[in-house]
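Read-outs: derived from the displayed coordinates by stated rules, not from any lab. These figures come from a predicted structure and were not determined experimentally. Here the Cβ positions follow ideal geometry from the backbone for every residue, glycine too, while neighbour counts run over all protein chains shown.
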Amino acid sequence: MSREAILGAIRRGLRRGPLPPDETMALAARLAAHPRHTIPARSRVPHAAQVALFVTRLEAEYGTVARTDRAEAIPGAIADYLAAQNLPPALVMAPHPALRALPWADRPLLTLREGPARAEDAVSLQHGFAGIAETGTLMLPSGPVRPTTLNLLAETAIVVLRTSRIVGAYEEAWDLLRAERGEDGLLPRNVMLVTGPSRSADIESVLELGAHGPRRLHVVLLDDGPAAPD
């Protein structure tokens, strides 16, 4: 039997060859429609309740939250958190325009470096794309203004998130991503869904924080009113 015949048989067995026309049409329709499955009732509430649920769920997963209604107060909130945790006042920061626009000069003791995280970085600062209320989850798509390493390498991860970017369910977060980042189908190469700090209880059922990523996750919530574009 020829090589092509063998590979063809494998493809057919794995259903990796061309699909029949009716299956192709059904798949295309599903991809275009993005049908919903069951959405938890707890997430189908007014936006203020979704924000409260996001905070509750995040804190239940060992994350912490600070809230402010003034963008200019964010550097101070971050400096206060680092001092309370006895952490160095040094950050590696995402080169996001919203973070660059903050009045960092008001906190001259903070040291900032923009770009991807390095192994020696203790604290990272990321800009959140969206928050998902049903589980207290952050959606962090990759891109030039959101380096993925900021979500993984530092022991302490800080994320600035606007309350206008909090949605009820996962499906709504994906809708937001498609609408704002899916031009011509060009979605981000990587999308991280982060629920609390990294942790594991694989060894003797003892919870260990920081098992595969940050040991701490702190979210600074900016109360900015109704939904707004990223």
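Structure notes:
- The chain: angle of helix 3-14 to the longest principal axis, Cα-based, in degrees nearest 10: 70 degrees
- Here the residues L53, L87, ranked from fewest to most Cβ neighbours within 10 Å of their Cβ, fall in the order L87, L53.
- Here is how the number arises for the chain: DSSP H runs of 4 or more residues each give -39500 (n - 2.57), the sum is divided by the residue count, and the result at 222 nm is -8500 deg cm²/dmol.
- Degrees separating the helix 47-60 axis from the principal Cα axis of the chain, which is the longest one: 80 degrees
- Stokes-Einstein D for the chain, Kirkwood Rh over Cα pairs, 37 °C, 0.692 mPa s (µm²/s): 167 µm²/s
- Note on the chain: dipole from Cβ charges, positive end direction compared against A228, P116, A49; the farthest Cα belongs to P116.
- Positive-end residue, segment 13-92 charge dipole about Cα centroid, Cβ charges, pick of M25, L87, L58: M25
- Under 5 Å, built H, 5+ apart or other chain: amide partners of L91: T111, L112, R113
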